[in-house]
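What follows is a short report on a single structure.
The values are calculated or read from the model by the stated rules, or taken from the named source; none is laboratory data. Treat the numbers as computed from the prediction; the structure is a model and nothing was measured. All Cβ positions, even for glycine, are placed from backbone atoms using ideal geometry, and neighbour counts span all protein chains on display. These area figures cover heavy atoms from the full protein model, side chains too; ligands, DNA and RNA do not enter into them. Shrake-Rupley method; radii C 1.70, N 1.55, O 1.52, S 1.80 Å.
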Amino acid sequence: TQTVSQSDAHVTVFEGDSVELRCNYSYGGSIYLSWYIQHHGRGLQFLLKYYSGNPVVQGVNGFKAEFSKSDSSFHLRKASVHWSDSAVYFCAVSLVNTGNYKYVFGAGTRLKVIA
Amino acid sequence: GALVYQYPRRTICKSGTSMRMECQAVGFQATSVAWYRQSPQKTFELIALSTVNSAIKYEQNFTQEKFPISHPNLSFSSMTVLNAYLEDRGLYLCGARLGANTGQLYFGEGSKLTVL
């Protein structure tokens, strides 16, 4: 069974703090990893992706994520959060299979940044 | 940059009626379009994946009879929720994939369906 796990449903930090949002997956084969952000009532905004190469990928607005094959993880980090980063963050995994890029999403982590 | 527009943003319909939603890719050609539903509990369900020159693949628990999809060209897709009931409520998201060799999906803002 292929799963995506975001262990923290809620994370609360103060503005200026660093934050790590965790994502673990269980998949076999080649995979494509992404992080998306969803502000209240809005769609999914793409943050960053990883498929191959440098395991640390830089995304928009100072976010970065690190892929670890040994840990089956793709954690999202930001060194200094802003109140506008408050949103729900979704980790997504898809199998690299031509013609069938089916995304499986984690349950999401709600980040609350206190100003 | 790549943009995906969805229309309408929100609809309220009576139980048993139908709702059509549209998805437009702007600035790129979407080789595949995936329709998702985000439930009130915030989980995502893949409804179907539509790839150009291939049959539309529906996921378990979703059928063409209930959620007919049209994908006439590389920039437009539409989906209808027929005979909508309470369990069909949620945010319907369209994700468009650019190119055959990238797994990245660009999502629209979604079409929120409320069923009375």
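Checking each residue in the stretch A:60-77 for being touching a strand residue (DSSP E or B) at 6+ places or on another chain (Cβ under 7 Å) and farther than 20 Å from residue A:96 by Cβ picks out A:60, A:62, A:63, A:64, A:75, A:76, A:77.
Consider the stretch B:21-39 and keep the residues that are in a loop (DSSP other than H, G, I, E, B) and without any contact (Cβ under 8 Å) to a residue 60 or more places away in the chain. The one that is farthest from the chain's Cα centre (by Cα) is B:27. Cβ-Cβ distance below 6 Å, separation of 6 or more or different chains: which pairs start in the stretch A:1-20 with a residue that is free of Cβ contacts under 8 Å to residues at least 60 places away in the same chain and end on one that is open to solvent by 70 Å² or more (accessible area, probe 1.4 Å)? Pairs found: A:7/A:22; A:20/A:77. In the set (1) outside any strand (DSSP E or B); (2) without any contact (Cβ under 8 Å) to a residue 40 or more places away in the chain, the condition left unmet by residue B:72 is number (1). From A:4, A:57, A:81, which residue is at pLDDT 95 or above and part of a strand (DSSP E or B)? One residue alone meets the criteria, A:57. For residue B:42, only one of the following conditions fails: (1) surrounded by 22 or more Cβ atoms within 10 Å (Cβ to Cβ); (2) within 13 Å of chain A (Cβ to nearest Cβ); (3) in a loop (DSSP other than H, G, I, E, B). What is its number? Status for residue B:42: all satisfied but (1). Might you let me know whether the stretch A:83-95 holds any residue that is in contact (Cβ under 8 Å) with a residue 60 or more places away in the chain, more than 30 Å from residue B:10 (Cβ to Cβ) and of a type outside the set (Asp, Glu)? Yes, some residue in the stretch A:83-95 is in contact (Cβ under 8 Å) with a residue 60 or more places away in the chain, more than 30 Å from residue B:10 (Cβ to Cβ) and of a type outside the set (Asp, Glu). The residue pairs whose first member lies in the stretch B:45-68 and is at negative phi and assigned to a loop (DSSP other than H, G, I, E, B), whose second member is open to solvent by 50 Å² or more (accessible area, probe 1.4 Å) and of a type in the set (S, T, N, Q), and whose beta carbons are closer than 9 Å, counting only pairs six or more residues apart or on different chains, are B:52/B:29; B:52/B:73; B:56/B:64; B:66/B:83. Among the conditions (1) open to solvent by 10 Å² or more (accessible area, probe 1.4 Å); (2) over 11 Å from the mean Cα position of the chain (by Cα), the only one that residue B:70 does not satisfy is (2).
With respect to residue A:103, determine if the residue is closer than 30 Å to residue B:33 by Cβ and modelled with pLDDT under 90. So residue A:103 passes the test.
Count of the stretch B:5-20 residues, restricted to those that are in a strand (DSSP E or B) and out of contact with any Leu (no Cβ under 9 Å at 6 or more places or on another chain), is 3. Filter the stretch A:33-54 for residues that are assigned to a loop (DSSP other than H, G, I, E, B) and either within 18 Å of residue B:5 (Cα to Cα) or of a type in the set (Asp, Glu) (or both); which is most open to solvent (accessible area, probe 1.4 Å)? In this case the residue turns out to be A:40. When the stretch A:17-32 is examined, which residues are found to be assigned to a loop (DSSP other than H, G, I, E, B), open to solvent by 40 Å² or more (accessible area, probe 1.4 Å) and away from every other protein chain (no Cβ under 14 Å)? Across the stretch A:17-32, the qualifying residues are A:17, A:18, A:22, A:28. Restricting the stretch B:6-39 to residues that are of a type in the set (Phe, Trp, Tyr) and more than 21 Å from residue A:89 (Cα to Cα) leaves a set whose member that is least open to solvent (accessible area, probe 1.4 Å) is B:28.
Of all residues in the stretch A:63-92, exactly one satisfies the criterion of being aliphatic (A, V, I, L, M) and exposed (fewer than 13 other Cβ atoms within 10 Å of the Cβ), namely A:79.
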